[in-house]
Amino acid sequence: MAEIYVWYVNSSRQEKSIGVETSERCVNLDLRDMISVDLLPLIWCRNLEDLSLRDNKLREIDLSPLSKCPNLQGLRLNNNLLRTLDLSPLAECPMLEELVIQENRLKRIDISPLFHCQALKELKHDASVTLLADLTLKSVGSWPEVLMERFHRVLWKVPQSS
């Protein structure tokens, strides 16, 4: 079995790492006082089902490596300091069932990528967060039920022309 290292910086500006077997199904990075983390090594974790980064001090996070984790089922980012969050890599995670983003500093979030996550059952966010979605998705019939429940809360936006 191969091991990768996920590097992060804590609030004391110390660079640290945690070793993860590439065969791991669950990676728990909770309560590590992280202010930044590099998730790139997770591209080698093809079996990853659950990633938890709760209770840290993350202001931003690049989720793009998760697009290489097709079996991802749960992602927990709650209780951080996130102001923005790009969910587009999660469109490549069709098995995603749970996304928890509560208790951050998010004002608005584009949930358009989540329309590709047919297994999605739980979307936990603060009530004050504005949910945005691409207007073209409004006419698509097969949405995850959890998004149908939020239909009345979604602010539909016109897609940007290229």
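Here, each number is a calculation from the coordinates, and none is a lab measurement. The structure presented is a predicted model; accordingly, all values stated were derived computationally and were not measured. Neighbour counts run over all protein chains shown; Cβ positions are idealised from the backbone, glycine included.
In table form, for the structure just shown:
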quantity	calculated
Additional length obtainable on full extension of the chain from M148 to N71, 0.36 nm per residue less Cα span	25.4 nm
When the convex hull of its Cα atoms is projected in every direction, mean area for segment 87-162 (nm²)	5.2
Correct option for Kirkwood radius over Cα pairs in Å [calculated from the coordinates] among [x] 16.3; [y] 18.5; [z] 19.9	[x]
Partners for K107 among lysines (Cα-Cα distance below 25 Å; same-chain residues under 8 apart left out)	K57, K121, K124, K138, K157
FRET efficiency, Q14 to A91 (Cβ-Cβ, R0 25 Å, nearest 0.05)	0.15
Other-chain or far-sequence residues with amide H under 5 Å of S23's (modelled H)	A2
Estimated FRET transfer efficiency (T84, E3; beta-carbon r; R0 30 Å; 0.05)	0.40
Estimated FRET transfer efficiency (R25, K57; beta-carbon r; R0 25 Å; 0.05)	0.40
